[in-house]
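Beneath this line is the structure, given in structure tokens, with notes to follow.
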Amino acid sequence: MIERTPTELRFVRRALLSVSDKSGLIDFARALRHLEVELISTGGTAKALHDAKIPVRDVSDVTGFPEIMDGRVKTLHPRIHGGLLARRDVEEHRQACLKHGIEPIDMAVINLYPFTETIRRAGTTLEEAIEQIDIGGPAMIRSAAKNFRDVAVLVSPDTYNEVLGELQRTGGALSLQTRGRLATAAFFHTAEYDQRIYNYLAPKLATRETELRASEPIGEATTANVELNVLKPHLNLRLRKEKDLRYGENPHQTAALYATDSMRLGIAHAEVLHGKEMSFNNYIDAHAAWELVNDFGETACAIIKHTNPAGAALGSTPETAYRRALATDPLSAFGGIIAFNRPVDERAARAVVETFIEVLVAPDYTAEALEILRGKKNLRILRTAGGNLHDLDYKTISGGMLVQTPDARRLTRDDLKVVTARAPSEEETETLLFAWTVCKHTKSNAIVYAREGQTVGVGAGQMSRVDSVRIGAMRAVLEIKNSVLASDAFFPFRDGIDEAARHGITAIIQPGGSVRDDELIRAADEHKLAMVLTGIRHFKH
């Protein structure tokens, strides 16, 4: 039954189709033809429709002008934009159409050149990237969206079925509400597209002339590319609302999850395979855990409480890494967030369900592991990819935002400067590097005790560094004697060294740079400790 057509409905009698992403195109175009909609199309879209035996007019037949300049100029013509922009309720517009042979276009189905996909490919040149900057597409989208009272604009194949359903219910018309909603999505689409182009070109065009040779590859364009971290004169964040959350950090706060579209990577894009709805705090802690384990090349596990590691460890298997991390502080692990940087197998799953945890994050799970984990009704199971994406780091303050490049620096043995009479052994050096990495993911002032790829004690977020040394030792469940210690920043006084030595540590890793460094080195020598300096710090506020 055809619904009655109130005045806010507009019939679709002519549609312009010009798409790069041809998903669902043929079925949608065929359905439009069944509704007796005349189709106009360009280039590859027109060819696809012709090949599918769907009647379609080429844009050049409408404009009376051929495509020129390798297709750069084809739709930028009054007979196209006039057809999109003409207001049906304005007599002057109707007369202009009659005088100049302009046919009204009631629907524009357009998505843009694959600029983002192009720059993500390794070895893409600047010239290749520039050729994927769409000009006619955004112009037509904006024309149609501006005239949403008369024209519908579709920028994503995801809208085809919904729009087609309404057309079929009404006998070929769309409501003003639908057209308005499609228009706002279209303006967001073009704004996001332009922002990606700006983000890509701004650092490129700010480099030396010798680096702008269009034929030269500009490197693999991924989120790990350092050029994405250039701090630009203007910053426009484009985030898509994924879902509302039950509340924020506390029940009296409202919250939602917004995500970028950066290759669908990271915790914001994690697939929730099981369990209760994720909370605001769950996401924050899951991010902290995921970032920590992905700072290791070896199999690693981290247990996080309130963004700090309750335990972290390496292991030959995920189960071994988990049990070693748990041993650091089994009490604090209760209700924690666990992350693995390797797929979770059956043995690891059985170990995890022995205690209560809120969230489990991993790159994947075996079928057997999922069956075991799903036995815990409320356990949130996340599958995600893309750790340490090296996106810019944002922190809001009243009236603005602080932006910085991420703390992506990793140390090697060659970065360490031995400053004490005794140098660390091979085993101590490996453990110092492990402790240093965990310390990087601990709130300042941060102190981490470790032994053989396993945390022994953690002192986090204290106002005094020596208090972090004391707390890390005080909370240690494992034997702290013969462990090593990492400090995220320099020791301002020797009391931190003396306190650590009192607990029987053997080696220290810290940035150095204090005016009392000589005094600290003498203190380490007095206690027969090995101490290495890194020259960099890892404050985390």
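Would you check which residues across the stretch 251-301 are of a type in the set (Ser, Thr, Tyr) and in contact (Cβ under 8 Å) with a residue 40 or more places away in the chain and list them?
Thr260, Ser262, Thr299
Mind listing whichever residues of the stretch 170-225 are small (Gly, Ala, Ser) and modelled with pLDDT of 75 or more?
Gly171, Gly172, Ala173, Ser175, Gly180, Ala183, Ala185, Ala186, Ala191, Ala202
Could you tell me which residue of the stretch 442-464 is nearest to the chain's Cα centre (by Cα), considering only residues that are in contact (Cβ under 8 Å) with a residue 40 or more places away in the chain and over 14 Å from Thr328 (Cβ atoms)?
Selected residue: Lys443.
Residues of the stretch 487-520 being over 19 Å from Asp415 (Cα atoms) and touching a residue at least 60 places away in the same chain (Cβ under 8 Å), which ones?
Across the stretch 487-520, the qualifying residue is only Thr506.
For the structure I just gave you, tell me whether Ser41 is buried (at least 17 other Cβ atoms within 10 Å of the Cβ) and polar (S, T, N, Q). First the steps, then the outcome.
Values: buried (at least 17 other Cβ atoms within 10 Å of the Cβ): yes; polar (S, T, N, Q): yes.
For Ser41, the condition - buried (at least 17 other Cβ atoms within 10 Å of the Cβ) and polar (S, T, N, Q) - is met.
Need the failing condition index for Leu373 against (1) buried (at least 21 other Cβ atoms within 10 Å of the Cβ); (2) of a type in the set (A, V, I, L, M); (3) under 28 Å from Arg475 (Cβ atoms), just the number.
Going through (1) buried (at least 21 other Cβ atoms within 10 Å of the Cβ); (2) of a type in the set (A, V, I, L, M); (3) under 28 Å from Arg475 (Cβ atoms) one by one, Leu373 breaks only (3).
Which of (1) under 16 Å from Arg422 (Cα atoms); (2) surrounded by fewer than 19 Cβ atoms within 10 Å (Cβ to Cβ); (3) among the aliphatic types (A, V, I, L, M) does Ile505 not meet, given it meets every other one?
Failed condition: (2).
I'd like the full set of residues that are exposed (fewer than 15 other Cβ atoms within 10 Å of the Cβ) and either modelled with pLDDT under 90 or more than 39 Å from the chain's Cα centre (by Cα) (or both), limited to the stretch 24-38.
His34, Glu36
Take Leu85 and decide whether it is surrounded by fewer than 21 Cβ atoms within 10 Å (Cβ to Cβ) and at pLDDT 85 or above.
For Leu85, the condition - surrounded by fewer than 21 Cβ atoms within 10 Å (Cβ to Cβ) and at pLDDT 85 or above - is not met.
Can you find even one residue in the stretch 319-336 that is under 26 Å from the mean Cα position of the chain (by Cα), within 24 Å of Glu479 (Cβ to Cβ) and not assigned by TED's automatic domain parsing to the domain that holds Leu433?
yes
Which of the residues spanning the stretch 521-541 are modelled with pLDDT under 95 and on the phi < 0 side of the Ramachandran plot?
Of everything in the stretch 521-541, those that are modelled with pLDDT under 95 and on the phi < 0 side of the Ramachandran plot turn out to be Ile536, Arg537, His538, Phe539, Lys540, His541.
Pairs, please: C-beta under 6 Å, at least 6 apart or cross-chain, first residue touching a residue at least 60 places away in the same chain (Cβ under 8 Å) and in the stretch 83-103, second of a type outside the set (Gly, Ala, Ser) and part of a helix (DSSP H, G or I)?
Close Cβ pairs satisfying both conditions: Ala86/His93; Ala86/Cys97; Arg87/His93.
Filtering the stretch 235-260 down to residues that are within 23 Å of Ala186 (Cβ to Cβ) and among the polar types (S, T, N, Q), which residue is surrounded by the fewest Cβ atoms within 10 Å (Cβ to Cβ)?
Of everything passing the filter in the stretch 235-260, Asn236 is surrounded by the fewest Cβ atoms within 10 Å (Cβ to Cβ).
Counting residues that are within 29 Å of Pro233 (Cα to Cα) and under 30 Å from the mean Cα position of the chain (by Cα), which helices (runs of 4 or more DSSP H) fully inside the stretch 112-199 reach at least 2?
Hits in the stretch 112-199: 115-120, 126-131, 136-146.
I need the full set of residues from the stretch 436-453 which are of a type in the set (Gly, Ala, Ser) and either at negative phi or surrounded by 24 or more Cβ atoms within 10 Å (Cβ to Cβ) (or both), in order please.
Within the stretch 436-453, Ser444, Ala446, Ala450 meet the criteria.
Take the residues in the stretch 374-419 that are among the β-branched types (Val, Ile, Thr) and in a loop (DSSP other than H, G, I, E, B), then tell me which one is modelled with the highest pLDDT.
If we take residues in the stretch 374-419 being among the β-branched types (Val, Ile, Thr) and in a loop (DSSP other than H, G, I, E, B), then Val419 is modelled with the highest pLDDT.
The values are calculated or read from the model by the stated rules, or taken from the named source; none is laboratory data. This structure is a prediction, so every number in the text was calculated from the model and none was measured. Cβ atoms come from the backbone with ideal geometry, glycine included; neighbour counts cover every protein chain shown.
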